[in-house]
Amino acid sequence: MAHRVLSLKYRPQNFDELTGQNHIVISLKGAINSGRVGHAFLFSGPRGVGKTSTARIFAKSLNCVQGPTVYPCQECQSCKEITMSRYIDVIEIDGASNRGIEEIRNLRESVKYTPLHGRKKIYIIDEVHMLTNEAFNALLKTLEEPPSNVVFIFATTNVMKVPATILSRCQRFTFKRLTVKEIASRLEEIAKKESVKISKTAIHYLAVRADGSVRDGESIMEQLVSFVEGEITEKDVFELVGFLGTDFYLDLLKKIINGDLAAVISMLNRAIEDGGDPIEIYRGFTNYMRAALLHRAKVSEEYLDLDDDELAQLKTLTLSDAEIINIIERCLGFEEIVRRSINSRIAVELLFSHLTLKSGKKNNENPGPRTERSVRTNEAADFKSKLFVALQEDSPRLAGLIHRAEIIEQGTKITFQVENEYALRQLENNRLQLSAKVQVLMPEGFNLDFVIAKDKEKEGSNFIETLRGLFDGEEIK
């Protein structure tokens, strides 16, 4: 018998075999049991989460000899042929390669004919967002009032590209990205059925690398079975897919904190020489710092994609919340550079050089005495950011003026230095609203003062003098 890849061999054949989509299973089962099956469905969600598999199971449920039923028999001709993708009344169309108006015209013609064998003629259009606007427009009337024995099922990974006129004619089901635990459980089940020896740690990293897609996890496991003789370990996962464990990122972070640039660059290059992808290293480190921030914020562990040992490692970090956020911001600031760079290796080295030089202890030791001016500047910056956030929802325009202003705190006196007379008038006119927000931040009392910054006032005067000289005119107030 010819070999079948794991993703096809273990494709779900009934609703109970679907992983992690219980909300959709319950809804579709309810529609079948109540006899209230719609004529158009839209399945949206990430790749490899069961959209097309669910469409086929739904088609079986409607056309099974014992149906409509939520438990297709898998034995009748309809069930067997739908499983093998050769049932004449279930037409699967690839939206990417059949995206033109001619293909939709042919579909409209075929809709008129009754099913040959089953109760329903079902059209499954995968990646429907790839259809052209003309094709969507040609489909509108048929989709709104199809024959009673026709059902449309659309699947897409990019629902934002589907026109609103199509969305309004469909029942929409959103498939969720699967968790690491759900994918790991599925892979463990397949490993047992295939008699594959694989460590739990390896399965965990496989599930993390799958990035929410069961199919991706099954495909990587297929590679590992061919690649490894004997038991599959986490080391095999790292070598095959260039994926690095949290131990690597923890060691890398410690070297960054210590300010050891040579050790950081050496560690990066060793990982790359061993098969690690520079972009994967960037993504993995950023995700690790995200996990550190969420763990520090006491967010539920289900959102961290880490096992117990890795969670224990996070507790050893000595970074403050502000330092973690700063590292994440720097990483995100380099995202476009890393992704678009011709040599991503250099881009990643540059990023980690920045992190080491800015975050390392060696570079932060003996920074010099903090002057009273620097303390006041930091406090003013913190006050300004809080005031900006407080105003942003109620008055974005006022928040914008505060963002551009310089704030000086002198005891209870708060001075706002603005760029021009317009900004000055706006702050004066909104003094009461501004005072109410400041009162929350400084309940002990305060005095507000608004002035134009001297350098800005001088710039304005120079500009006016320049205009006078150019046009030989005079200022009229």
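The table below gives the values:
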read-out	value
Extension gain from Ile88 to Glu17, taking 0.36 nm per residue of separation minus the Cα-Cα distance	23.1 nm
Formal net charge of residues neighbouring Cys331 (Cβ-Cβ distance under 11 Å; K, R +1; D, E -1)	+1
Potential lengthening between Asp247 and Arg290 on full extension [0.36 nm per residue; Cα-Cα distance subtracted]	13.9 nm
Size of charge dipole - the stretch 180-241 - debye, nearest 20, with Cβ of Lys, Arg +1 and Asp, Glu -1, no other charges	200
When each of Lys60/Lys193; Lys80/Lys112; Lys29/Lys121 is checked by Cα-Cα distance, pairs over 23 Å	Lys60/Lys193; Lys80/Lys112
Sequence ranges 65-75, 439-449, ranked by mean other-Cβ count within 10 angstrom, highest first	65-75, 439-449
Electrostatic dipole magnitude of the stretch 394-458 [Cβ: Lys, Arg +1; Asp, Glu -1; Cα centre; debye, to 20]	120
Förster-model FRET efficiency, 51 Å R0, Val37 and Asp321, C-beta, rounded to 0.05	0.50
Gain in span if fully extended, Ser385 to Phe446, counting 0.36 nm per residue against the direct Cα distance	20.2 nm
Relative compactness, the stretch 180-241, computed as alpha-carbon Rg over 2.2 N^0.38 Å	0.94
The stretch 246-359: radius of gyration over Cα atoms, expressed as a fraction of 2.2 N^0.38 Å	1.02
Derived scalar couplings ³J(HN,Hα) [the stretch 94-106; Karplus, 6.51 cos²θ - 1.76 cosθ + 1.60; whole Hz; x for Gly, Pro]	8, x, 6, 9, 10, 9, x, 5, 5, 5, 5, 5, 4
Nitroxide proxy distance, nm - points 7 Å out along Cα→Cβ at Gln66 and Asn149	2.4
Protein accessible area in the stretch 180-241, 1.4 Å probe - carbon and sulfur %	44
Gln66 long-range amide H proximity, modeled H, under 5 Å	Cys73
For Glu239, net neighbour charge (Lys/Arg +1, Asp/Glu -1) across residues whose Cβ lies under 14 Å away	-4
Charge context of Leu187, other residues only, Cβ under 12 angstrom, K/R +1, D/E -1	0
Residue-normalised accessible area of the chain, given per residue in Å² at a 1.4 Å probe	56
Dipole in debye (nearest 20) - the stretch 157-279, about Cα centre, beta carbon charges: Lys, Arg +1; Asp, Glu -1	880
Helical contribution to [θ] at 222 nm, DSSP H n ≥ 4, -39,500 (n - 2.57), averaged over the chain, rounded to 500	-17000 deg cm²/dmol
Where labels lie 7 Å past Cα in the beta-carbon direction, separation of Asn133 and His403 in nm	3.2
Rounded tilt (10° steps) of 133-144 against the dominant C-alpha axis of the chain	60
Between 0 and 90°, nearest 10: helix 278-296 axis offset from the chain longest Cα axis	70
Quarter of Cα convex hull surface for the chain, i.e. mean projection, nm²	35.3
Estimated FRET transfer efficiency when R0 is 25 angstrom, pair Glu75-Arg4 (beta carbons, to 0.05)	0.80
Label-point separation in nm, Leu167 to Glu231, each point 7 Å along Cα→Cβ	5.0
For the chain: relative contact order, % (alpha-carbon pairs under 8 angstrom, 6 or more apart)	11
Between helix 246-257 and the chain: long-axis angle, C-alpha atoms, 0 to 90°, nearest 10	10
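The values are calculated or read from the model by the stated rules, or taken from the named source; none is laboratory data. These numbers come from a predicted model, not from an experiment. When we count neighbours, we look across all protein chains shown, and the Cβ atoms used for this are built from the backbone with ideal geometry, even at glycine. Note: accessible area is taken over every heavy atom of the protein model, side chains too, but ligands, DNA and RNA are not part of it. Shrake-Rupley method; radii C 1.70, N 1.55, O 1.52, S 1.80 Å.
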